[in-house]
Ligand code: TRP
């Protein structure tokens, strides 16, 4: 809508602990994505404060999140990378959209129910209206697509409903966004329970390989990966552990499943796990080196933040002033 390209909007929580699953399943495809879409990547520090944060840690994580995305190959020249609180239009539009969102709708959000159970001592209004701020993020940029994990689908549906409701009264205001759940063909599963997805928030550190895990940790986690009975390196439904390792090895090396099965024919699980671990450590090493370089250069990261916020604000302003005009605010 904005340029010739369609718009994609992604919000990322400021936490540095992305996983190998995030990398192989999504982040690795970002460069390709920016060929097709005009992409906004927003570090959502305003969403983060809906639960209690240690201020120094939040600030540190904001830098780290930006650094890790750039290190993974997100090019700030080709994408708009910025921090949510640097563009006040998000909070401004959120207020207006609050008035177009029903109490009942927000009460039905499963993430609100989960989070208020988890943070029973702090069920604040921000936690409740969290999805409205998210709708503002998305609608401000007239986004066509919103790449998300399944857990965020309900929030994008709500953003669509808000957009529809607003458009009904004020036609042509917002693009109604589509959620897209990336299917890269490969789901990376937990190393300790291969029937579960590899999750950022798993309590068992051995279950998750993180992009920033050092070489020894990566290899150790693969060595401890749960495998199945038998000893054959073969992908099949009754061998979810080995199948997951084959999937990972295939993603990392670009080789086919059949090819991998052939190479490891007659060799043991131990040897295979070691090979997968080493391949992943090799894949992550250059990302980590770049990450360390970036983190050491705060001035550069801040220049990315500044440019990104300037660019985002340009688009955000257009939508916000249209909204203000339509609802009857005086634009000076
Ligand atoms: N709520 C999302 C999450 O927890 C983050 C987010 C905030 C987001 N704003 C967004 C995602 C807009 C997509 C679009 O993962």
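The values are calculated or read from the model by the stated rules, or taken from the named source; none is laboratory data. Since this is a predicted model, take the numbers as computed values, not measurements. All Cβ positions, even for glycine, are placed from backbone atoms using ideal geometry, and neighbour counts span all protein chains on display.
Of the residues examined, residue 219 is one that is within 19 Å of residue 288 (Cα to Cα), more than 24 Å from the chain's Cα centre (by Cα) and assigned by TED's automatic domain parsing to the domain that holds residue 282. The sole residue among 111, 168 that is within 15 Å of the ligand (Cβ to nearest atom) and either over 17 Å from the mean Cα position of the chain (by Cα) or outside any loop (DSSP other than H, G, I, E, B) (or both) is 111. Every condition in (1) under 23 Å from residue 34 (Cβ atoms); (2) in a helix (DSSP H, G or I) holds for residue 154 except the one numbered (1).
If you check 113, 153 for being surrounded by fewer than 16 Cβ atoms within 10 Å (Cβ to Cβ) and in contact with a strand residue (DSSP E or B) (Cβ under 7 Å, 6 or more places away or on another chain), only one passes: 153. For region 116-140, how many residues are closer than 13 Å to residue 178 by Cα and more than 9 Å from the ligand (Cβ to nearest atom)? Qualifying residue count, region 116-140: 1.
Scanning region 49-59 for residues that are surrounded by fewer than 19 Cβ atoms within 10 Å (Cβ to Cβ) and within 16 Å of the ligand (Cβ to nearest atom) returns 49, 51, 53, 58. Yes or no: residue 194 within 14 Å of the ligand (Cβ to nearest atom), touching a residue at least 40 places away in the same chain (Cβ under 8 Å), within 21 Å of residue 208 (Cβ to Cβ) and outside any helix (DSSP H, G or I)? When the stated conditions are applied, residue 194 does not pass them.
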